[in-house]
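Shown next, in structure tokens, is the structure this report addresses.
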Amino acid sequence: MKILVIGSGGREHALVWKAAQSPRATAVWCAPGNAGIALERLARDGRPVECAPIGAEDLPRLLEFARQRHPDLTLVGPDNPLAMGIVDLFQSAGLRAWGPNRKAARFESSKVFAQQFMERHRIPTARAAAFSEPGPARAFAESLEGRCAVKADGLALGKGVRVCSSMAEAAEAIDDFLIRRVHGAAGGSVVIQEYLEGIEVSLHAMVDGRTALLFPTSQDHKQALDGDQGPNTGGMGAYCPTPFLDEAGIDRIQREIIRPWLDGCRSEGIDYRGILYPGLMLTRQGPKVLEFNARFGDPETQVYLARLDNDLIDLCEACLEGALDRQGLRWRPETAICVVMASAGYPGSYVKGRPIRGLTDAASWPNVKVFHAGTARAGDEMVTAGGRVLGVTAWAAGLEAAREIAYQAVERIRFDGAHYRRDIGARPRTQGQERMDPT
Ligand code: AMP
Ligand code: GLY
């Protein structure tokens, strides 16, 4: 089975790593990949993974590459190519591509669509409304006393959400999006949601159009600095499982969120195949959906795939064939944690090209995998090439043990200006008392 993975971040490194472990994998390519992905080898015969220098959004060249190499399965990591319809394009050329098609990817590519879908199908979410005119948008934000989240309708490189605590902040966000068009057409309409308080968790489900297999919950750490301070980032670290949902809580999510979502897709003719990743707030009134993503989370993927026992290729194939009801997900009992090491300045501007030392030392630890997000080769050296540089992932019996190993590995790795949070996975100690009532 020949596999092509699209994307270049830590999530894609984890997908490549896991796919390469399958005894079924005879070739793995990644476009464009990164320097860490290029070091992976197939478990079956030690053959190296090959990176092809084609951007994840260059659909015509990706299709040309696929026509030459004939992958049996293409796994799409990032949101943009999905929203652009890469799955539809590949399928129309007779190629099997895993991920939601363009219509299904609207759950992520249009926040207005996703919000209205939730309302049509009574999926618990924040009180919200959609606007394309600033006047009514401001009036709605005022009715919430400015405590709200203003969200650009379209994809905005992860920067399209402003969480506001005053009317001044809300008015500025509304003007930035709707008048100053800081996100261009993506901000031509906005969704404004009431501010929800609670514990935020990431939910993932593998969906084949009929069946949704729910993953254990994980938790990302979106702010750049310890104690959830500083600007929002793509994600500074994650761990799995979280202690915040017991079986009754998971049942409630199945009943109130996953089932009505699947029924809604069926009734609206949406054939969703791939990962559905709802961002959830566990509020005192129960779980509420903040947003839907139509792909694996990053860095959630790193911790999920460190624990997943199934063959990833079997799962993705079953997903495409509508046969997930014959698969069960199997998870290793360990807790997994991923600590992201970023370049100084991230999520703002940062320098690239800093040499990275200690990677071999860190990788020699048992139960550690260092996933690369933004790295490149410069001669014999591995250098930084992105905002998020590495995702140091470790697994052990229990969160505390996993944290300890992950941070010991992190301390082995050095590059100029390396920045990471020291409190990844520390929240269960502070938030554990606030569990929602699961019933
Ligand atoms: P999103 O991309 O929609 O998940 O938003 C980015 C982040 O903003 C989320 O991870 C939350 O931390 C926060 N956020 C989004 N919507 C809300 C909301 N309605 N209430 C409180 N926080 C929110
Ligand atoms: N972990 C955040 C994201 O993937 O959007």
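If the chain linking residue 332 and residue 50 were pulled fully straight, counting 0.36 nm for each residue of separation and taking away their Cα-Cα distance, it would gain 98.6 nm.
Normalised by the number of residues in the stretch 352-439, the average gap of Cα pairs under 8 Å and 6 or more apart makes the relative contact order 30 percent. Residues whose amide H falls under 5 Å from that of residue 51, counting only those 5 or more places apart or on a different chain, are 30, with hydrogens built in the peptide plane.
With Cα atoms defining each centre, the stretch 347-375 and the stretch 118-147 are spaced 41 Å apart in the structure. For the stretch 35-53, the residues whose backbone nitrogen is under 16 Å from a point 7 Å from the Cα of residue 26, taken along Cα to Cβ, are 42-48. Using Cα centres only, tell me the gap between the stretch 193-244 and the stretch 34-88 in whole Å. If we compute the Cα centre of each part, the gap is 26 Å.
Hey, what did the stretch 156-289 get for relative contact order, percent, Cα under 8 Å, at least 6 apart?
That works out to 26 percent.
Label sites at residue 57 and residue 259, each approximated as a point 7 angstrom past Cα along Cα to Cβ, lie 4.1 nm apart. Dipole check for the stretch 366-429: with +1 at the C-beta of Lys and Arg, -1 at the C-beta of Asp and Glu, and the Cα centre as origin, the magnitude is about 240 Debye.
Computed extension length for residue 422-residue 323: 31.5 nm, one decimal, from 0.36 nm per residue of separation with the Cα-Cα distance subtracted.
Ordering 151, 369, 103, 352 by accessible surface, largest first, gives 352, 103, 369, 151; the 1.4 Å probe counts only protein heavy atoms, with every chain in place. Let's test the formula: R0 of 56 Å, r as the Cβ-Cβ distance of residue 380 and residue 163. What FRET efficiency results, to the nearest 0.05? Between residue 380 and residue 163 the formula returns 0.80.
With θ taken as phi - 60° and the Karplus curve 6.51 cos²θ - 1.76 cosθ + 1.60 applied, the whole-hertz 3J(HN,Hα) list for the stretch 330-337 is 10, 10, 5, x, 5, 8, 10, 9 Hz, x standing for glycine and proline. The charge dipole of the chain, taken about its Cα centre with unit charges on the Cβ atoms of Lys, Arg (+1), Asp and Glu (-1) only, comes to about 560 debye. A cut-off of 5 Å between modelled amide H atoms, ignoring neighbours fewer than 5 places along the same chain, links residue 77 with 6. Across the stretch 384-391, coupling constants 3J(HN,Hα) worked out from phi with the 6.51/-1.76/1.60 Karplus curve, θ = phi - 60°, read 6, 8, x, x, 7, 9, 9, x Hz, and Gly and Pro carry x. For the stretch 402-408, putting each phi into the Karplus relation 6.51 cos²θ - 1.76 cosθ + 1.60 with θ = phi - 60° gives couplings of 5, 4, 4, 5, 4, 6, 5 Hz, in residue order, rounded to whole numbers and with x for Gly and Pro. Averaging the sequence gap over all C-alpha pairs within less than 8 Å and six or more residues apart, then dividing by the number of residues, gives the chain a relative contact order of 16 percent.
When the convex hull of its Cα atoms is viewed from all sides, the stretch 200-261 shows a mean projected area of 5.1 nm². For the chain, a Gaussian network of Cα nodes joined below 10 Å ranks 192, 37, 270 by mean-square fluctuation, and the top entry is 270.
Annotation: amide H of residue 291 within the under-5 Å range of 279, sequence separation 5 or more or interchain, hydrogens built in the peptide plane. Given +1 at the Cβ of Lys and Arg, -1 at the Cβ of Asp and Glu and no other charges, the dipole of the stretch 209-308 around its Cα centre is 260 debye to the nearest 20. Bridgeable lysines around residue 151 (alpha carbons under 24 Å apart, same-chain partners fewer than 8 residues away excluded): 103, 111, 159, 222, 288. Using the Cβ-Cβ distance between residue 309 and residue 72 with R0 set to 30 Å, the FRET efficiency from 1/(1 + (r/R0)^6) comes to roughly 0.85.
The values are calculated or read from the model by the stated rules, or taken from the named source; none is laboratory data. What you are looking at is a predicted structure, and each value in this text was computed from that prediction instead of being measured. So basically every Cβ, Gly included, is an ideal-geometry build from the backbone, and we count neighbours across all protein chains shown. When the accessible area is computed, the model is the full protein with side chains, heavy atoms only, and any ligands, DNA or RNA have been set aside. Shrake-Rupley method; radii C 1.70, N 1.55, O 1.52, S 1.80 Å.
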